[in-house]
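Accompanying notes for the structure given below.
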Amino acid sequence: MNFNRILLKLSGEALMGDRSHGIDPVRINEYAEEIKQIYDQKTEIAIVIGGGNIFRGVSGSSQGIDRVQADYMGMLATVINGLALQSALENVGVPTRLQTALKIEAVAEPYIKRKAVRHLEKNRVVIFSAGTGNPFFTTDSAAVLRAVEINADVILKGTRVDGIYNDDPEKNKEAVKFDTLSFEEVLKKGFENNGHNCFHSKPRKQITHHCI
């Protein structure tokens, strides 16, 4: 199935490659080449990028850092990743704009929905960083929000695991993979209580209403 406008959610961990943290230049260049292949098919591409390879707010708060401060630190980590991905894409000839939910105008544009859409219409890849700009919200939540705002046809997620599991497969070898999973099943199985704040009834109405 062909899509005119897609939103790619790229996790920060996906940029690590075989490293334990940080950005693997080989891996990020591979992603840039793969994104270029989609771009060359005249598909409009928006990207929401995570920051877990550098800093994760939840982990920081568990170590004694104020949760709000820790989440803002995590947002800044996504900006670093966004700058790295922007550079990698431009090195392979893909025009790119980086927008942030926090105002850091020396390095990126502030997020403005109309401007983002205009960039997409002009065949520029748009990278959204700093999540939603609010603490307590994950970059997965930001991906859904931005997809709805820009009227994306689909959300695609690039991460370190190959699907949805009932637990972290990198920590639990007995984790069960789901081939299909509806929003109703998520609620019935209680996954919304596992720290995934993207699973709530109100966002669900927005997602289903917009057919994402």
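Overview of values
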{"read-out": "Selection within segment 134-177 - assigned to a strand (DSSP E or B) and touching a residue at least 24 places away in the same chain (Cβ under 8 Å)", "value": "154, 155, 156, 157, 158"}
{"read-out": "Given (1) at pLDDT 95 or above; (2) over 27 Å from residue 65 (Cα atoms); (3) part of a loop (DSSP other than H, G, I, E, B), index of the condition residue 131 fails", "value": "(2)"}
{"read-out": "Residue check, residue 140 among the acidic types (Asp, Glu) and in contact with a Cys (Cβ under 9 Å, 6 or more places away or on another chain)", "value": "yes"}
{"read-out": "The lone exception for residue 71 - which of (1) charged (D, E, K, R); (2) in contact (Cβ under 8 Å) with a residue 60 or more places away in the chain; (3) crowded, with 17+ Cβ neighbours inside 10 Å; (4) more than 27 Å from residue 20 (Cα to Cα) it fails", "value": "(4)"}
{"read-out": "In segment 153-189, residue surrounded by the most Cβ atoms within 10 Å (Cβ to Cβ) [restricted to those that are closer than 25 Å to residue 56 by Cβ and modelled with pLDDT of 90 or more]", "value": "155"}
{"read-out": "Residues located in segment 1-24, provided they are touching a residue at least 60 places away in the same chain (Cβ under 8 Å) and more than 17 Å from the chain's Cα centre (by Cα)", "value": "3, 4"}
{"read-out": "Matching residues, segment 50-103, being touching a Lys or Arg at 6+ places or on another chain (Cβ under 7 Å) and among the basic types (Lys, Arg)", "value": "97"}
{"read-out": "Out of 55, 128, sole residue that is touching a Ser or Thr at 6+ places or on another chain (Cβ under 9 Å), surrounded by 20 or more Cβ atoms within 10 Å (Cβ to Cβ) and not aliphatic (A, V, I, L, M)", "value": "128"}
{"read-out": "Helices (runs of 4 or more DSSP H) within segment 8-92 that include 3 or more residues among the small types (Gly, Ala, Ser), at pLDDT 95 or above and out of contact with any helix residue (DSSP H, G or I) (no Cβ under 8 Å at 6 or more places or on another chain)", "value": "67-91"}
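The values are calculated or read from the model by the stated rules, or taken from the named source; none is laboratory data. Because the structure is predicted, anything quoted here is derived from the model rather than measured. With ideal geometry, Cβ positions are generated from the backbone for all residues, glycine too; neighbour counts draw on all protein chains shown.
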